[in-house]
1. Distance in nm between label sites at A:GLN809 and A:LEU111, each 7 Å beyond Cα in the beta-carbon direction?
2. Mind checking which lysines have their Cα closer than 24 Å to the Cα of A:LYS230? Skip sequence neighbours fewer than 8 apart in that chain.
3. Applying 1/(1 + (r/R0)^6) with R0 = 41 Å to the Cβ-Cβ distance of A:GLN767 and A:ALA629, what FRET efficiency is obtained, to the nearest 0.05?
4. May I have the pair-distance distribution P(r) for the range A:119-351, computed from all Cα-Cα distances with 10 Å bins from 0 and rounded to whole percent?
5. When the distances between all Cα atoms of the range A:735-806 are binned every 10 Å from zero, what whole-number percent does each bin get?
6. Return the ratio Rg/(2.2 N^0.38 Å) for the range A:557-743, where Rg is computed over Cα atoms only.
7. Diagonalise the Cα gyration tensor of the range A:569-670 and give the resulting equivalent ellipsoid semi-axes, square root of 5 times each eigenvalue, largest first, whole Å.
8. In nm, to one decimal, how far is the B:ARG26 label point from the B:ASP38 one, both placed 7 Å along Cα→Cβ?
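Computed from the coordinates by the stated procedures, all read-outs in this text should not be read as laboratory data. Since we're looking at a predicted model, the values are computed, not measured. Cβ: placed from backbone, ideal geometry, glycine included. Neighbour counts: every protein chain shown.
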Amino acid sequence: MSLWSRIGNVFRGDKVNREIAEELESHVEEAIAAGRDPQEARRALGSVMRQRETSHAIRVAGWLEGFLQDTAYGVRSMLRSKALTAVALLSLALGIGANTAIFSLLDAVLLRMLPVKEPQRLMLLGKGEDNGISDSYAGDTDLYSYPFYREFQKQNSVFADTAAIVSMLNDIHGFIGNDNASVPMNVQMISGTYFSTLGVEAQIGRVLTDADDNSEGDHPVAVVSNAWWKRALGKDPAVLGRTLKIGDTIFTIVGVAPAEFFGTAVGQAPDVWVPTAMMKSIPPHWEGYKDNFAESLYIIGRLKPGVTQEEATANVNVLFKQIRRGFTDRKPTQRDLTILNNAHVPLTPMATGVSRLRQQFSEPLKLLMGIVALVLLIACTNIANLLLARATARARELAVRQALGAQRGRIVRQLLTESLILSLTGGALGIAFAMGASRLLLRMVSSGPEVTPLNVGLNTTVLLFTFGITVATALLFGTIPAFRATRVELVETLKEGRGMVKGGTKNLLARAMVVLQVALSLVLVVGASLFLRSLINLTNVDTGFNRENVLRLNIDPSSVGYKGDEPRLTSLYQEIEARVSALPGVHAASFSAFVFHEGSWNGSVSVPGMPVNYDVDVRHNVIGNGFFATMQIQLVSGRAFGPQDTATSQKVAIISERMAKTLFPPGSPVGKVYNMGGADRLVVGIAKDVRSADLDEQDDAVDYVPYTQREDYESDFSVRYSGDFHGVADAVQKTIHSVDRSLPITDVTTLDEVVARSVTNQRVVAQLSIFFGGLAVFLSCIGIYGLMSYIVSQRTNEIGIRMALGAAQSNVRWLVMREIAVMVFFGIAIGVPVTLAGGRLVTHMLFGLQDKDPVSIAVAVGVLLLVGLVAGYFPARRASKVDPMVALRYE
Amino acid sequence: MAKTKTDSLQGSLDLLVLKILSRRPRLHGYAIMAAIADLSEEELRAEEGSLYPALYRMEEAGWIRAEWIKKENGRRARIYELTTAGKKQLGAEESRWQAISTAINRVLREA
């Protein structure tokens, strides 16, 4: 009989039994026909009926039937102890769900392959860590100029295809067709070979080709992303030939990219791809197409078949130097040549794309993954303990079953089935929980106003992961109780009933697991405390400016026709500053190139009488006259900028104290002249140091120049106000639109919020580690409570005797509390050294404190002692309330 | 009718069933039982309690296959016949039996 028919027979159980009966009935008939006595014939068959179990077992797949029976039995028995089941399921769902959610994000950020052809053959020149525009001679091996790319494409012998990608996404506004209202769009500029190198075909129309990129300004064509086609173009089937007005140029849409394609940077989602040949047309109108030293591109290549990464690296480095030396339009300094000779371009596999998101998140994500894995381990030990207790309580039932002939394997299987049901249900709940949680997580880690475009949905990898941990969980917490429960001395157990407990050696395993829980919880609580204290230290950092009561927003004049070098831009800023400053509730307002935690414009400066210090990159900021008043940055000496500083007057600058100290000769720098970006500037004031990029960085050397003397897009607008934020925000936006109705305004928020966003990572880590630390403590609490309740009920008899012999209630309470104290102390004794050893792993993620932080360890020890006390109180009280008479009759 | 209680069939029931089915295919359980009694001149008797589990076991092992047929009285009967694997098994069992009985006979003679 085939396996399938036996499996089938499981579900036809009744039919199989009927068939056996029918066959035997026909047998009796024959016997009677052959002249046997009917009664005798039936009696003879009695033995057959007794064998029906055997006959049945042969005709059906026993293990499967057993599984179904076990399942039904397991579900029934779990429904009987609802509280236990609920706690077990909840901790499993949270444990598995948290693991799945964090893993989904980890998968999306770190692991997932780009949805392109053979992504593992793609290589990136450099490390992809820098982005922006550099003009160094050879100092940057991540960014390249367009002419360099073209030379490299021509000369290299290791890549089948190469492509260039502008390292920044142009976050601008454009117009669809003849619309009057602008829409935001993320424009990605790419070389024409981009799509063919990746092996990505258009879903509608065509992708860009090398021909679209071969002469500057001549190819106003665009490919739009599938998501943007749906969102902004209403999924128009006749999208080909529709136009986009970006800057002053009309682009024609020639294709729509496939839905799964999001470009090559994880966590970015370009809406529109245009060729680099159109660079000058796209705001803010960079000119880099023909400039040998305007380095803003990433270069990627697809390895030729058979070429290894080492061979490719060798070829790339030869070409890197050769091509740079071939650019003779800039005379390199001795320093430039030394840098070029020592430069090495590493190749980075591009299979999972480039991502700054990855640099930012890979460490916190791995840390969180570790934390949730520990939480899951605690949940598992908890459930193991609960099941162990239950199995021990069922020892008599299991012994009876074994005595009646149940096979040991069968009982192990039943207990394992029960834990499998538990963990599969927990896993299913965990997935449901994870789907919500991963989206919440994504919103939590998105530092901008918009959610980072990442697909954190369930995929095969994630599902396999979850299924894996679910089954591992079942095995982890199901096996031990199952084998323990069947390794009973039958006779002993049957005789003993639930009588005496021999000393403290029993439940050793369960105790060990509680000790483990306490130790793990300690680690997690210390971690939570460290990250929380680190976050508090960060938010208490003196930024040098007053982050309260400042509104900030961005305007985008570049998208609506303002050119960067026009005096009209300066008038626009001045007009807006003047009108907004006059609003009620507004104290000061100013444009600036940067405020806090944004990009930067930096470089070395030269101070007469001092050697050029190349190690100090001065951060330049371009500001309005009201900037210091708005930010409340103190001037230490000299003056702020005023109406006297105009495009034609003496070029001036204000420098930070740090810059004064590190780059200027002793004595006050006010009144001295230095060279910055090719222009001599007179120092007119010294400002207090401020944090510019991050709260945890040292104060940079900063200098400020007035925008009147350097025309460009200064899109940050800050307003110091008092009163209601929303009222002021409305008034400010109306005022800006009264100056120019078409100006796009984005990201209206407070400076406080901007500062808070800059520590998103640290905040998320602190929040989640507190949440999971709390969860771990809660689970341990349940673990201790469950074990002690069980031990107390097991020892009711003994306690009764002790009390009958005169033990006081307090003695009995101490009896129970002592056991807990021992377990908690052991847990702490193990946990503290583990914490101290593990602390080294996170020390660089902490700010303003050491990983061996006595406060955090003291807090954690205190929390766990408290937990032991709380969890032990109820079992101890119950023990002390035992009535000796009842206890002695308990048997 | 010899009333010998024959647990001696233990171990050789399979052989007998296979042999009978090889000579007379398509028998139902009762007919197999009757044939064993008949051919052994009532010396051997297969109990129902051993026969049917043995039949199911051999069916599971793939040595015999079963099929339901209609009897004249309209009831159904389950009849059995040998499979190719069963024929092979029969050969094996027969030679095993021969070897054992020769060996036992030798012991009985020499002892």
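1. 5.5 nm
2. Within the straight-line cut-off, A:LYS230 pairs with A:LYS245.
3. Values: r = 35 Å, r/R0 = 0.86.
After rounding, the FRET efficiency stands at 0.70.
4. Pair shares across the bins are 8, 33, 34, 18, 6, 1.
5. Taking every Cα pair in the range A:735-806, the percentages come to 15, 17, 16, 14, 12, 10, 8, 5, 4, 1.
6. Working: Rg = 16.9 Å, N = 187, 2.2 N^0.38 = 16.1 Å.
Relative to the 2.2 N^0.38 Å estimate, the range A:557-743 comes out at 1.05.
7. Values: eigenvalues 159, 44, 39 Å².
Here the semi-axes work out to 28, 15, 14 Å.
8. Calculated label separation equals 1.6 nm.
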